[in-house]
1. Tell me yes or no: at least one residue of region 211-218 is free of Cβ contacts under 8 Å to residues at least 24 places away in the same chain, of a type in the set (Phe, Trp, Tyr) and closer than 19 Å to residue 15 by Cα.
2. Under 17 Å from residue 160 (Cβ atoms), within 13 Å of the ligand (Cβ to nearest atom) and out of contact with any Lys or Arg (no Cβ under 6 Å at 6 or more places or on another chain): does that describe residue 45?
3. For region 177-186, state whether one or more residues are at positive phi and assigned by TED's automatic domain parsing to the domain that holds residue 63.
4. Cβ-Cβ distance below 6 Å, separation of 6 or more or different chains: which pairs start in region 115-134 with a residue that is within 15 Å of the ligand (Cβ to nearest atom) and end on one that is acidic (Asp, Glu) and open to solvent by 10 Å² or more (accessible area, probe 1.4 Å)?
5. Output the residue which, of all residues in region 48-75 that are away from the ligand (no atom under 15 Å from the Cβ) and crowded, with 19+ Cβ neighbours inside 10 Å, is nearest to residue 19 (Cα to Cα).
6. Identify, from the list 203, 220, 168, 196, the residue that is in contact with a helix residue (DSSP H, G or I) (Cβ under 9 Å, 6 or more places away or on another chain) and either open to solvent by less than 60 Å² (accessible area, probe 1.4 Å) or away from the ligand (no atom under 16 Å from the Cβ) (or both).
7. Can you find, within region 122-143, the residue that is surrounded by the fewest Cβ atoms within 10 Å (Cβ to Cβ) among those that are closer than 27 Å to residue 37 by Cα and charged (D, E, K, R)?
8. Mind listing whichever residues of region 60-85 are in contact with an Asp or Glu (Cβ under 8 Å, 6 or more places away or on another chain) and either not small (Gly, Ala, Ser) or not assigned by TED's automatic domain parsing to the domain that holds residue 131 (or both)?
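The values are calculated or read from the model by the stated rules, or taken from the named source; none is laboratory data. All values reported here derive from a predicted model rather than from experimental measurement. FYI the Cβ positions are ideal-geometry reconstructions off the backbone, even for glycines, and counts take in every protein chain you see. SASA here: full protein model, heavy atoms, side chains in, ligands and nucleic acids out. Shrake-Rupley method; radii C 1.70, N 1.55, O 1.52, S 1.80 Å.
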Amino acid sequence: MENTQNPQQAYAMPRIGDTAPDFEALTTKGKIKFSDYAPGKWVVMFSHPADFTPVCTTEMSGFAQRKGEFDALNTELIGLSIDSIHAHLGWVQNVRENTGIYFDFPIIADLDMKVAKLYGMLQPNESETAAVRAVFFIDPDKKIRLIMYYPLNVGRNMDEILRALDALQVSDKHRVAMPLDWKRGEKVIVPPPKSLDELNARLADQTLEKVDWYLAKKELQN
Ligand code: BEZ
């Protein structure tokens, strides 16, 4: 039963490390079953509060204009809002007519709020009817790797979304961690040693930039 006195507890919230909840949905590119979608690829799934609204139009245009950068990172985009498929189609067409920008990725028509509730995009103390601005970074194993939630009145930062996606992928590939504000081409953090042998090896390694034994950075070779 839903807890109406305490609406923030009404819906489960997905967490980093969880398998992305599966769903079937109608989108502007036809029906999708998420567990079968984009095999072998990353997925960035994001929600917006409503079609035909100003902040959302800037954000969706940003995703559309930078889709090539997501493609280069082996990543498919999926949008979502609690709007009908007709509203989505009208908005896509309206933005294309006004600006020439085409939302060439599926946008889920989540009128029954099924997917929004599954992904914690419906946050009742912010809005009971519109999804917040969420971004889910989902890896090729369908694991949720990073989650962003923004309120209705603040648009997201596309540079940060792409930077975070790149950081996740480089971190996975090289088994390293990324420092504050890391960007491609900058040094990365070598995970701290877990034994005295590793500690001694680290102290002897002249190639590392060491602040102390627990904080060392290195260049990546590729
Ligand atoms: C907007 O996209 O401009 C917007 C949508 C819902 C609430 C507030 C702003």
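1. Among the residues of region 211-218, not one is free of Cβ contacts under 8 Å to residues at least 24 places away in the same chain, of a type in the set (Phe, Trp, Tyr) and closer than 19 Å to residue 15 by Cα, which makes the answer no.
2. No, not satisfied.
3. First, pick out the residues of region 177-186 that are at positive phi: 181, 185.
Restricting the remaining residues to those that are assigned by TED's automatic domain parsing to the domain that holds residue 63 gives none.
Checked against the condition, which is being at positive phi and assigned by TED's automatic domain parsing to the domain that holds residue 63, region 177-186 yields no hits at all.
4. 132/126
5. So, considering only residues that are away from the ligand (no atom under 15 Å from the Cβ) and crowded, with 19+ Cβ neighbours inside 10 Å, the one nearest to residue 19 (Cα to Cα) is 75.
6. So the residue among 203, 220, 168, 196 that is in contact with a helix residue (DSSP H, G or I) (Cβ under 9 Å, 6 or more places away or on another chain) and either open to solvent by less than 60 Å² (accessible area, probe 1.4 Å) or away from the ligand (no atom under 16 Å from the Cβ) (or both) is 220.
7. Restricting to residues being closer than 27 Å to residue 37 by Cα and charged (D, E, K, R), the top hit is 141.
8. If the condition is that a residue be in contact with an Asp or Glu (Cβ under 8 Å, 6 or more places away or on another chain) and either not small (Gly, Ala, Ser) or not assigned by TED's automatic domain parsing to the domain that holds residue 131 (or both), then 67, 70, 73, 80, 82, 83 are the ones that fit.
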